[in-house]
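Remarks on the structure that follows.
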Amino acid sequence: MKIIIGHTNMDLDCIGSIVLAKYLFPDHQAIRSRLLHPVARKMHNIYRHKLTFLNPKDLEGETVEKIVIVDTRAMSRVKEYFQFIKNDNYEVEIFDHHPGEAEGFPGALIHSMPCGANTSQIGLKLMQRKIAVDPEDATVALAGIYADTGNFTHENVQEVDFSVASYLLTCGASLSMVKRFLKPLSGTYQVTLFHELLNRLTYHSIHGHQVITSYWEIETETEGLGAVVEKVFEVENQDLFFATFHFPKKKKTLIIARNQKNTIDLNDILRLFGGGGHPKAGSALVKHEDGRFVHKKLLEHLEEMLAPAITAEELMSSPVHTIRDTASLLEASILLEKLGHTGIPVICETGALAGFITLRDIMKGRRAEQMHSPVKGYMTRNLITAAPETTVREIEEKLFDNNIGHLPIIREGNLAGIVTRTDFLNFAKNEKRKQQRAMQEVGIPVA
């Protein structure tokens, strides 16, 4: 017997991966987890006639020759199948896009590439082999890509995700059906959970990272908590969110986490609790522990694991070129051309920051034929500034929310440095390159 399996609590990307893997391995039988994500269950019920999955218990007594594993490489996330597989001389082939997960299958053939959805890397192989996909299968796969890429808005989205999505559309995938599956909060019950969770949030600043946490004891396990957490995270727009749910009757505690920083990997944080997932979306299930103890341990762990956030002091240029407020617009124009800058801080007689003059301001004076007028008549006086300890996230907000290109950094009333929009964008690009280099070092190809 040859089988295809995915991680427990299958989501849309996991099921989409299995559906496409069946085209690569037509002689393999798909096995479904006993647990399905609520959104995935909805899709499974609609396409039950197409998704001819066996249950893990159907493996009992069977000799398994080969196992294809999708959307994970961790034994802990597929162990529900192996309690029924008695032989251990099977071949393993893995298709996974979670480079941070611990590998649980020594000697396995692993396919991995940077992509927003695991479905995309399998779909790419179908494209390369010119294998057509049935319209209903294409719809299931497209839903998986949309779900795991956040409708193509997550930062892990790659060109391959767009390419495979386009290919699935040419195969007849239905966008209207995908939209039905991806409604974030379906029904009054989930909306109620959303508002309840909002009332249980606690806000932290941990080493410069803006973190929200919550603790909630619920009598019975509740479906759709992941979608509720996702929506709260979207509304609150913080760096990280860790929602802890304790189910006293089952003596289980569930941690659902979300992250929007490239410098943080949730796999590293959740590993202590036996969890994992994506660098920016993960979960962990802790059994036979007091819920409040788990939550307290999580907060202590965050203090240890979260490295100090990059600050303005590390990004800023210093010392800063300045110009006196009595200098003419012509002098300012010549100085900016010499420096290759688009703007420069203006100081008064005492050396204090008085304003900021840009090429755009100088252009106004040139049109008015006032190039010999002092810069203080054209400079911006009401400046947006920041302290040296301002985090990168706060810098981004100041630059883009106020539509400014230069952010003077003030220490004890004095001009200490300056961060430009270019400085921030270069930092973001370098972080992306670091991430790609790290992936290459562990043998993962970078698109």
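The values are calculated or read from the model by the stated rules, or taken from the named source; none is laboratory data. Fair warning: this is a prediction, and the values are worked out from it, not measured in the lab. Cβ: placed from backbone, ideal geometry, glycine included. Neighbour counts: every protein chain shown. Side chains included, ligands, DNA and RNA excluded: accessible areas come from the protein's heavy atoms. Shrake-Rupley method; radii C 1.70, N 1.55, O 1.52, S 1.80 Å.
Using only alpha carbon pairs under 8 Å that are at least six residues apart, calculate the relative contact order of the range 323-422 and give it in whole percent.
Working: 149 pairs, mean separation 23.4, N = 100.
The value is 23 percent.
Check the straight Cα-Cα distances from Lys280 and name the lysines below 20 Å, setting aside those fewer than 8 residues away within the same chain.
Lys231, Lys261, Lys429, Lys432, Lys434
Computed over the Cα atoms of the chain, what is the convex hull's projected area averaged over all directions, in nm²?
Quarter of the Cα hull surface area: 26.3 nm².
Out of Thr213, Leu168, Thr119, whose Cα points farthest toward the positive end of the dipole of the chain (charges: +1 Lys, Arg; -1 Asp, Glu; placed on Cβ)?
It is Leu168.
Over the chain, what is the relative contact order in percent, taking alpha-carbon pairs closer than 8 angstrom and at least six residues apart?
With pairs under 8 Å counted, the relative contact order is 11 percent.
Quick one: if you stick a label point 7 Å off each Cα along the C-beta vector at Thr385 and Glu300, how many nm between them?
Placing both labels 7 Å beyond Cα along the Cβ direction yields 4.2 nm.
Sort 163-171, 124-132 by the packing proxy (mean of other Cβ within 10 Å over each peptide's residues), most packed first.
Ranked from most to least packed, the peptides come out as 163-171, 124-132.
For the chain, give the share of DSSP beta bridges that are antiparallel, in percent and rounded to the nearest 5; count only bridges with both residues there.
Working: 38 of 65 bridges.
Close to 60 percent.
Output the relative contact order of the range 88-244, whole-number percent, from Cα pairs under 8 angstrom with separation of 6+ residues.
Across the range 88-244, relative contact order equals 17 percent.
Among the lysines, select those whose C-alpha is under 19 Å from the C-alpha of Lys249, and discard any that sit fewer than 8 residues away in the same chain.
Partners found: Lys287.
If packing is taken as the average count of other Cβ atoms within 10 Å, what order do 344-351, 413-420, 66-73, 333-340 fall into, highest mean first?
Ranked from most to least packed, the peptides come out as 66-73, 413-420, 344-351, 333-340.
Would you please give the FRET efficiency between Val92 and Glu217, computed as 1/(1 + (r/R0)^6) with r the Cβ-Cβ distance and R0 = 30 Å, to the nearest 0.05?
0.15
How much accessible area does Met379 have with a 1.4 Å probe, in Å² rounded to the nearest 10?
Surface accessible to solvent at Met379 totals approximately 20 Å².
Going highest first, how would you order 53-63, 37-47, 137-147, 402-412 by mean Cβ packing within 10 Å?
Values: 53-63: 14.4, 37-47: 18.5, 137-147: 28.0, 402-412: 16.5.
Output ranking for 53-63, 37-47, 137-147, 402-412: 137-147, 37-47, 402-412, 53-63.
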